[in-house]
Amino acid sequence: MYPVVLKQVGKTYHLDSVDVPALIDINLEIRSNCFTVISGPSGSGKTTLLNLIGCIDRANQGEILIAGKEVQKMSNDALSDFRARHLGFIFQNFNLLPVLSAYENIEYPLLLTQMPAAGRKQRVLALLDAVGLSDRAQNRPGQLSGGQRQRVAIARALATEPKLVLADEPTANLDSHTGAAIIALMRKMQREHHVSFVFSSHDPQVQAEADDAVFIRDGRITGVERRTESVEAAV
Amino acid sequence: MKTLSLALRNLLRNRRRSLTTLLAMTIGLVAILIFGGYKANITYGTETGFVQAYGHLQIQHKDYFIEGGDNPTAYGIAGYQRIVDAVKHDPVLAPMLTMVTPTLQLGGLAGNFSAGVSRSVMASGVVVEDYNQMLLWNDYQLKSYAQPLPLVGSSLEAVVIGTGVARKLKLCNALKVPNCTQTATVVVGEGRSAPDDIAALSALEKSDAPRQDENRIEMLAATAHGAPNVASLSVVKAKNMGYKAVDDMYLAMHLAQAQKLIYGSDQPQVTAIEIQLRHTSQIPAARERLTQLLATEFKDQPLEILDFRTLNPMFGQTEQFMNSMFGFISILIGVIVLFTISNTMSTAVVERTVEIGTLRAIGLRRSGIRRLFVCEGVLLGLIGSALGVLCALFIAYLINHSGLSWTPPGYSYAYLILILVWQDPHLLVGSVIGLILVTIVSAGMPANRASNLIIVDALRHV
């Protein structure tokens, strides 16, 4: 089963009295356990597509299935709960909560899923270790470098053990060396946790690492490139 | 790390803004509590003064309060002792009572004919021991200005007058009244002596009670049969009654003397039976029981029960005035606090828009966002309330120990300015709850706005 299936999806923004189509007639299947990169020029609809897959925006038409669930019909609260349990997010600007330490930032999504304290602690410490920040657990985001913040963000995205992680330009605010390290980390985590990563990115390093590449232009998918064999895993 | 912890950290994030908001709340609460404490002192003080002098409830002849003030003899209560005993021994009423005592109010003319002066007085005939016992009532633990009547064990003719009466009757020097300046007598007409008939009555009275000092006065009153009667009285003390209008007319005497003056050898009556309760809050229960008692055991007499608020309309007016002032000030301060907090929270929402988007994206529900901001408002309210209460208590302590005093309109001596904050739990709890409610309301609107932000728009916010 594909973790993400989009059928005839369309999204139009209403700006003042003008309708601006952002996505037109999108049909897409994201394979499990893959690095999928959505690429295209600015304004092509990459972020909009990522937002729809991440259930933080709603399509005007079509059907979206995430982990087999038809998310278009879910209520706001149901979508929130769904995101908390099944999706992870990595943002271009890291978007960590500045008043929380690295440990607490990673722990926060687990609080939303009502996970018991002992299990939370074990999970967070393991993730901190996996992203190489065990010694920075009590540091707040302001006390971390850009690369370290993105590591915390990756750990936070994986905290609830989702099967799908969405990353919007995750290396855009990092230098090439740090960006490469972050890509390597994400790849490592993707393999260890058997999770699908979907990126929107211009970064050639990210595109080079992708298993699948989705090309988009003017709101339409212009091509899908499967570069590796599918690696089946339970979704 | 729950919502509370996150809310607290968010407040500490912009300390200057949080402190400014707290300062506005603290000042607002202090203003409310100090004025409320001052109001409490006035209303409780007025209530205490009245309850000490006249009790919580009075049993009177029907319509005496409305019609009988200038004609007490027509509205007397006969067989009053039976009613007093019935009330005192009633099993329902007894636990509530501190005193049940009869009193006779009468008007008359007091004259110091040797000085050629006279003036009208309102006299109270009281059971002196009961009256002095009633003065000990102080349910609110206030500073009491009550002065016991120095008539215990004195002869029937002994009386106490107000300093205003002493001044008018030129008895200041004889009674050694402090701060009492006697003015020169304005002679009206040619004669300075009493009218012949009054002089004759006075002489008759003198023959019964030999004069020993210069503190003697004569009091003329109308008897139950409408005839004039005179009593020769000995003034033992002049006391300042506080309220000038009362001080200028006050005369207290033994109940038996007052009854003798009005009823002579007839069966004595009284104009009221005063009932003092342990607590003001017992009035409804006591009144209900008294009504039953009068309706069953004394249904042959047209009696009614009046509470101290009815008997003293000025108390209600003063309370109403102070309450309206307090309400106005509270609303004003509440609105200021509301807008201050609302502004603080609105700024926080704008500043933290991306954070809100992030929290929503990772799965926090709208209600979670709303709860977070309301929690921040409530925390501000709690901290502001605590600071406000502490500051108000400190300021009240300073004022209460400063010795500041003032003379209220119509009063003849100064009262200490006291601020009853700690002593008024209703004020304290009410103000704190009010402030917290204001913070919830003022945080509610920005919190709602935050919770309704569209996630993708919030994440794009710069």
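Couple of notes before you dig in:
- For A:Gly68, neighbours were defined as the other residues whose beta-carbon sits under 14 Å from its Cβ, and their charges (Lys and Arg +1, Asp and Glu -1) total +2.
- When Rg and Dmax are taken over the Cα atoms of chain A, they come to 17.4, 53 Å.
- Within the same chain, lysines fewer than 8 places from A:Lys7 are excluded, and of the rest, those with a Cα less than 29 Å from its Cα are A:Lys46, A:Lys69, A:Lys73, A:Lys163.
- A dipole drawn for the protein assembly as shown from +1 and -1 charges on Cβ atoms has a positive end, and of B:His279, B:Leu418, A:Leu144 the residue lying farthest that way is A:Leu144.
- Degrees between helix A:146-158 axis and first principal axis of chain A (Cα, 0 to 90, nearest 10): 80
- Kyte-Doolittle mean at least -0.5 and Cα axial length at least 18 Å: DSSP H helices in chain B: B:15-54, B:196-208, B:283-297, B:313-351, B:366-400, B:425-451
- Zone residues, segment B:292-307, relative to B:Glu319, backbone N less than 20 Å from point 7 Å out along Cα-to-Cβ: B:305-307
- Segment B:278-378 - Rg over Rh from alpha carbon coordinates, Kirkwood radius: 1.42
- Which listed pairs, of B:Lys88/B:Lys299; B:Lys62/B:Lys239; B:Lys176/B:Lys260, have C-alpha distances above 25 Å, in listed order: B:Lys62/B:Lys239; B:Lys176/B:Lys260
- For the protein assembly as shown, Cys with no neighbouring Cys Cβ under 4.7 Å: A:Cys34, A:Cys55, B:Cys375, B:Cys391
- Estimated translational diffusion coefficient (Stokes-Einstein, Kirkwood radius over Cα pairs, 20 °C, 1.002 mPa s) of the protein assembly as shown: 65 µm² per second.
- Considering segment B:93-190, its Cα convex hull presents a mean projected area of 9.1 nm².
- For segment A:81-102, a drop of 50 Å² or more in accessible area on going from the chain alone to the assembled protein chains (1.4 Å probe) is found at A:Arg83, A:Asn95, A:Leu97, A:Val99.
- Every helix of 4 or more DSSP H residues in chain A counts as -39500 (n - 2.57), and over all residues that averages to -10500 deg cm²/dmol at 222 nm.
- Summing +1 for each Lys or Arg and -1 for each Asp or Glu among the other residues whose beta-carbon sits under 11 angstrom from that of B:Asn312 gives -2.
- Take the convex hull of the alpha carbons in segment A:22-96; its mean projected area over all directions comes to 5.9 nm².
- The contact between chain A and chain B removes approximately 2200 Å² from the accessible area (both sides summed; 1.4 Å probe; ligands, DNA and RNA excluded).
- Percent accessible area from carbon and sulfur atoms, segment B:7-53, protein chains only, probe 1.4 Å: 67
- The mean accessible area for residues of chain B, using a 1.4 Å probe and ignoring ligands and nucleic acids, is 47 Å² per residue.
- In chain A, the longest principal axis of the Cα atoms and the axis of helix A:176-193 are about 90 degrees apart.
- For segment B:54-151, applying the loop criterion from DSSP together with a ceiling of 14 other beta carbons within 10 Å to the trypsin sites (Lys or Arg not before Pro) yields B:Lys62, B:Lys143.
- Between helix A:102-112 and chain A there is an angle of about 60 degrees, using the helix long axis and the longest principal axis of the Cα atoms.
The values are calculated or read from the model by the stated rules, or taken from the named source; none is laboratory data. Worth saying up front: this structure is predicted, and the values here are computed from it rather than measured. Counting neighbours? That spans all protein chains shown, and the Cβs are built from the backbone with ideal geometry, glycine included. All accessible areas refer to the heavy atoms of the entire protein, side chains included, with ligands and DNA or RNA removed. Shrake-Rupley method; radii C 1.70, N 1.55, O 1.52, S 1.80 Å.
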